[in-house]
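First up is the structure itself, then whatever we jot down about it.
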Amino acid sequence: MPFITPATKRVLLSFVAVATIAVASAFGGRAVSPVPAIDLTGTWKYAVVTENGTGTPTVIMKQTGDSLSGTYESGRMGVLPFKGSVKDSSFAFVINTQGGAALSFKGVLVSANVVKGDVDFGGAGGATFSGERQAAK
């Protein structure tokens, strides 16, 4: 079994102290915060881009844990409820239209207030979308 002399112990402790100071200095002496969890709760203005033009629905989302619910409101379809899920920085939700079609949205949170993704029109084509969170009123 190796024996650590008092002199060796002082050298090792000095090295650890210098390394700790160097790491703390690299981060400006501040603690490093973890990446905040995704939170989609709020009112979003979407732009849904199809081959026939761009729609601008209002999407109100409420996130509870990894569950997502809310409403999708457009001049063409009225107000429709939806349910979905959130995982990491991705989300998905499905809107069932009054005509029986299922619109499946799959997107990612690009920044705290910007989302983007794709929409599947129940196998009858698709679109892309982007959205911006609106300031709370």
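Coordinate-derived values only; no laboratory data. Please read all numbers here as calculations on a predicted model, not as lab measurements. Quick reminder, even Gly has a Cβ in these numbers, built from the backbone with ideal geometry, and neighbours come from all protein chains shown.
Side notes on the structure shown:
- Taking a sphere under 10 Å around the Cβ of G107 and counting the other residues whose Cβ falls inside, with K and R at +1 and D and E at -1, yields a net charge of +1.
- Here K106 is the anchor, and the lysines within straight C-alpha reach of less than 24 Å, apart from those fewer than 8 places off in the same chain, are K45, K62, K83, K87, K116.
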